[in-house]
Amino acid sequence: MMAAVTAARAGAAVTIYEHRSEAGRKLLMTGNGKCNLTNTRMGMSYYYCDSEDGKQIVRTVLAQFDEVRSLSFFHEIGLLTYDRDGYVYPQSEQAVTVRDVLLRECLFCGVNFRYDTDVYPLLRREETTGRFVIGKERYDRLILACGGKSERQTGSDGSGYELAKRFGHRILTPLPALVSLYTDEPDWQSMAGVRAKARVRLFVEGRTAGEADGELQMTAQGISGIPVLELSRIAVHAIHEGKRVEAEICFLNGRERVQIEALLQRMLARGHAEEWESPSDMLQTRLTGTVNSKILSFILRRICNDMERLHNGRPDEDRLAAAVAQQLFSCRIPINGHGKLEHAQVTSGGVLFDEVTEKLESRLCEGLFFAGEMLDVDGICGGYNLQWAWSSGYAAGLCAAEK
Ligand SMILES: Cc1cc2nc3c(=O)[nH]c(=O)nc-3n(C[C@H](O)[C@H](O)[C@H](O)COP(=O)(O)OP(=O)(O)OC[C@H]3O[C@@H](n4cnc5c(N)ncnc54)[C@H](O)[C@@H]3O)c2cc1C
């Protein structure tokens, strides 16, 4: 829709083909229904792209129609917005209003819509004229903006990649980005449903590969939440390369370890010697109040298993406090799987940038353009993927019309 409005404003006659019965269905799901449409903190560090050429193109495209111009555009077409710590949302807090103002602007600019039309079986290129044919219609320029391969009920079913291949393009294998991670750590499911403000550090082959903080969600299969989504791309790619991946969780992010250890020692020393006969229950009672009780139980079961193995009986309070603190600050678990591509928020991989110009035109097929998630770039959480959709839609729409 951004590409269509831009091209129409530049004087082109534009038709959008959409194989669902409505446009912009994925937009309705964004930002938990509120749509985080951009971020006032922008930069290449928020984007992943597999080639240096690609990064340069992404940088140029983002600069041409940046977050400031995007917000001016949305304000001009009647969308009020607000910003919370840089994350921009519509004032209405309804993603549907972002979709509706875009739709309204498309109609105002004279864009035609053909709903319930899958382009995949209909699209071909006329050899003699080089024009693009969809059914009985002929077009001088074509912009493919078919999205990635996630949440296919919204329409992005991966057919865009197949269409790009039809014009000779290579596709970097689509993989999920922004997904949950899975662990086979014993007993992990006992924490399912717990949320904690935490810091997560990711290790690949024993080396730090990234870290992020925020609200961590424990699931029956592993971990989720913003910090995990942010690290998931690195984990997914490493898993697919057969590498060993681990996550280290700090459940007490921002707290001083020395002070926590002192507190643990003090609490462990308060009680009667006979309570040591049931160390797990005793520890739970003495340390309750430090973190969520399910997290504490999980950690204590882990420690008690080790305790029996290591000490064959009662360890001293200092060593025990150190062991609990170690788990609270650096609880390491293996990561051996991830959510499916269809449940990811974004798809990594896609149309390779070395076959695309800075105006997002194909180098292999004149008059063919790409926009949005189907290109080989993906952003972290925070409005970066939609900003890419706005910027790339603008670039492709403008150049397609000017040509
Ligand atoms: C749950 C969820 C939450 C998200 N939240 C945010 C957020 O808050 N902020 C953010 O920046 N990003 C968010 N994203 C990511 C963001 O929504 C996408 O990156 C963005 O929508 C991509 O835009 P697009 O136009 O490239 O593709 P899409 O929005 O997927 O649109 C592609 C369109 O092409 C149509 N289409 C596909 N194939 C064909 C075909 N063969 N024929 C005809 N039509 C076809 C589809 O039906 C669809 O309407 C979220 C994603 C999900 C799944």
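Quick rundown of the values:
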{"read-out": "Qualifying helices (runs of 4 or more DSSP H) (wholly inside the range 188-296; at least 1 residues being closer than 28 Å to E317 by Cα)", "value": "257-269, 279-287"}
{"read-out": "When residues of the range 321-332 are limited to those that are of a type outside the set (S, T, Y), touching a residue at least 40 places away in the same chain (Cβ under 8 Å) and surrounded by fewer than 17 Cβ atoms within 10 Å (Cβ to Cβ), the one farthest from the ligand (Cβ to nearest atom)", "value": "A322"}
{"read-out": "Residue under evaluation P334, criteria (1) within 30 Å of E402 (Cβ to Cβ); (2) touching a Ser or Thr at 6+ places or on another chain (Cβ under 8 Å), criterion not met", "value": "(1)"}
{"read-out": "Counted residues, the range 72-107 - those being open to solvent by less than 80 Å² (accessible area, probe 1.4 Å), touching a strand residue (DSSP E or B) at 6+ places or on another chain (Cβ under 8 Å) and under 28 Å from T15 (Cβ atoms)", "value": "6"}
{"read-out": "All positions within the range 113-144 that are in a strand (DSSP E or B), open to solvent by 30 Å² or more (accessible area, probe 1.4 Å) and away from the ligand (no atom under 13 Å from the Cβ)", "value": "R124, R125, E137, R138, Y139"}
{"read-out": "Criterion (open to solvent by less than 10 Å² (accessible area, probe 1.4 Å) and within 16 Å of the ligand (Cβ to nearest atom)) met by exactly one of G160, G147", "value": "G160"}
{"read-out": "Identity of the residue in the range 384-401, touching a Gly at 6+ places or on another chain (Cβ under 9 Å) and away from the ligand (no atom under 13 Å from the Cβ), that ends up least open to solvent (accessible area, probe 1.4 Å)", "value": "A400"}
{"read-out": "Number of the condition not met by T38 [criteria: (1) more than 22 Å from L163 (Cβ to Cβ); (2) open to solvent by 50 Å² or more (accessible area, probe 1.4 Å)]", "value": "(2)"}
{"read-out": "Matching residues, the range 163-173, being surrounded by fewer than 21 Cβ atoms within 10 Å (Cβ to Cβ), more than 12 Å from the ligand (Cβ to nearest atom) and not charged (D, E, K, R)", "value": "F167, G168, I171, L172, T173"}
{"read-out": "Members of the range 337-383 found to be in a helix (DSSP H, G or I) and surrounded by fewer than 24 Cβ atoms within 10 Å (Cβ to Cβ), listed by number", "value": "L341, E342, H343, D354, E355"}
{"read-out": "When residues of the range 32-51 are limited to those that are assigned to a loop (DSSP other than H, G, I, E, B) and not charged (D, E, K, R), the one farthest from the chain's Cα centre (by Cα)", "value": "S51"}
{"read-out": "Tabulated pairs, the range 8-25, first open to solvent by less than 60 Å² (accessible area, probe 1.4 Å), second basic (K, R) and part of a loop (DSSP other than H, G, I, E, B), C-beta under 9 angstrom, 6+ apart or interchain", "value": "A12/R141"}
{"read-out": "R59, sole failed condition from (1) buried (at least 21 other Cβ atoms within 10 Å of the Cβ); (2) within 19 Å of F369 (Cα to Cα); (3) within 25 Å of the chain's Cα centre (by Cα)", "value": "(1)"}
{"read-out": "Filtered residues of the range 179-229 (kept if among the small types (G, A, S), in contact (Cβ under 8 Å) with a residue 24 or more places away in the chain and either under 22 Å from G382 (Cβ atoms) or surrounded by 16 or more Cβ atoms within 10 Å (Cβ to Cβ) (or both))", "value": "S180, A196, A198, A209, G210, G222, S224, G225"}
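The values are calculated or read from the model by the stated rules, or taken from the named source; none is laboratory data. In this text, all values refer to a predicted model and were calculated from it rather than measured experimentally. Neighbour counts run over all protein chains shown; Cβ positions are idealised from the backbone, glycine included. With ligands, DNA and RNA removed, areas are computed over all heavy atoms of the protein, side chains included. Shrake-Rupley method; radii C 1.70, N 1.55, O 1.52, S 1.80 Å.
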